[in-house]
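Working notes, beginning with the structure itself.
The values are calculated or read from the model by the stated rules, or taken from the named source; none is laboratory data. Please read these numbers as outputs of a predicted model, since none were measured by experiment. Neighbour counts are summed over all protein chains in view; Cβ atoms, including those assigned to glycine, are modelled from backbone coordinates with ideal geometry. The area values use the complete protein model at the heavy-atom level, side chains included, leaving out ligands, DNA and RNA. Shrake-Rupley method; radii C 1.70, N 1.55, O 1.52, S 1.80 Å.
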Amino acid sequence: MNVPTMAELTAKGESPEVLFWVGCAGSFDDRAKRVTKAFVKILNAVGVKFAVLGTEETCTGDPARRAGNEFLFQMQAMSNIQVLNGYNVKKIVTACPHCFNTLKNEYPELGGNYEVIHHSTFLQQLINEGKIKLSEGGSFKGRKIIYHDSCYLGRANDIYEAPRSVLETLDADLVEMKKCRTTGLCCGAGGAQMFKEPEKGTKDINIARTEDALSTGATTIAVACPFCMTMMTDGVKNKEKESSITVKDLAELIAEAQGL
């Protein structure tokens, strides 16, 4: 796969159109790596000149700040800002809403000012520009797809339409859960809850959210966040529905529809 690093391009005196911020999940989580690869395939297919930081990229610090370790967050943030500003980065695209929210809304106060775009919005732009063309009546025609709103995309940054616009191009049957958009329910991973066992209660949040999705009769649960991916996948496994229900990221669905 063609994945240039900022260091390689800089050495050649070149600069990319966008920096693809991969994120911890997209780099290390086996399931999220498939989303990273799908997005890279799309970028290469449409001719977007991009680069990654590679080993120079570290965690944005989002989990540290959410868990209450402000000192660690600022250390990680300052380290990243130093690298990004050193490369004179202007535009960043990421497939993780947590990275997106932190880079866009929390880095400016520490001296990191960039145009930050979530991959759902970026995919929508490529579709609107005609760079991604999907034929009607493709492999998704008639398939019932549900979209789960990520907290950091939806309520935190008011991005509701871009993911749905991307899914509408698949010519599938897009259905909605009762709790969606501004009243969407968290998958249960936010606030660094991803990395600990839940407190005792009657039901885990991801199970409740998976039940919401299954009640619509959808066969595909579309997500736009690696944390949501894990929680919804675990929910489907809990219900023993892996053979009939798939959980996929927007990038994977678009790459599949393009035959990449």
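Has segment 64-86 got any residue that is assigned by TED's automatic domain parsing to the domain that holds N113 and within 25 Å of K248 (Cα to Cα)? No, because not a single residue in segment 64-86 is assigned by TED's automatic domain parsing to the domain that holds N113 and within 25 Å of K248 (Cα to Cα).
Scanning segment 223-247 for residues that are polar (S, T, N, Q) and crowded, with 24+ Cβ neighbours inside 10 Å yields no hits at all.
Number of residues in segment 53-65 that are open to solvent by 10 Å² or more (accessible area, probe 1.4 Å) and either closer than 30 Å to L134 by Cα or more than 16 Å from the chain's Cα centre (by Cα) (or both): the value is 7.
For every residue, the table says whether it meets (1) within 21 Å of G47 (Cα to Cα); (2) in a helix (DSSP H, G or I); (3) touching a residue at least 40 places away in the same chain (Cβ under 8 Å).
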position	(1), (2), (3)
N85	no, yes, no
G112	no, no, no
K141	no, no, no
N157	no, no, yes
L167	no, yes, yes
C186	no, no, no
G191	no, no, yes
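As for segment 228-247, it holds at least one residue that is within 26 Å of N101 (Cβ to Cβ), outside the structural domain of G23 (by TED's automatic domain parsing) and outside any helix (DSSP H, G or I).
Restricting the first member to segment 2-17 and to residues that are farther than 18 Å from K37 by Cβ, and the second to residues that are surrounded by fewer than 16 Cβ atoms within 10 Å (Cβ to Cβ) and of a type in the set (S, T, Y), the beta-carbon pairs closer than 8 Å and six or more apart or on different chains are L9/S15. Contact map, segment 18-36: residues that are at negative phi paired with residues that are basic (K, R) and assigned to a loop (DSSP other than H, G, I, E, B), Cβ distance under 8 Å, separation 6+ or inter-chain. Pairs shown: V18/K49.
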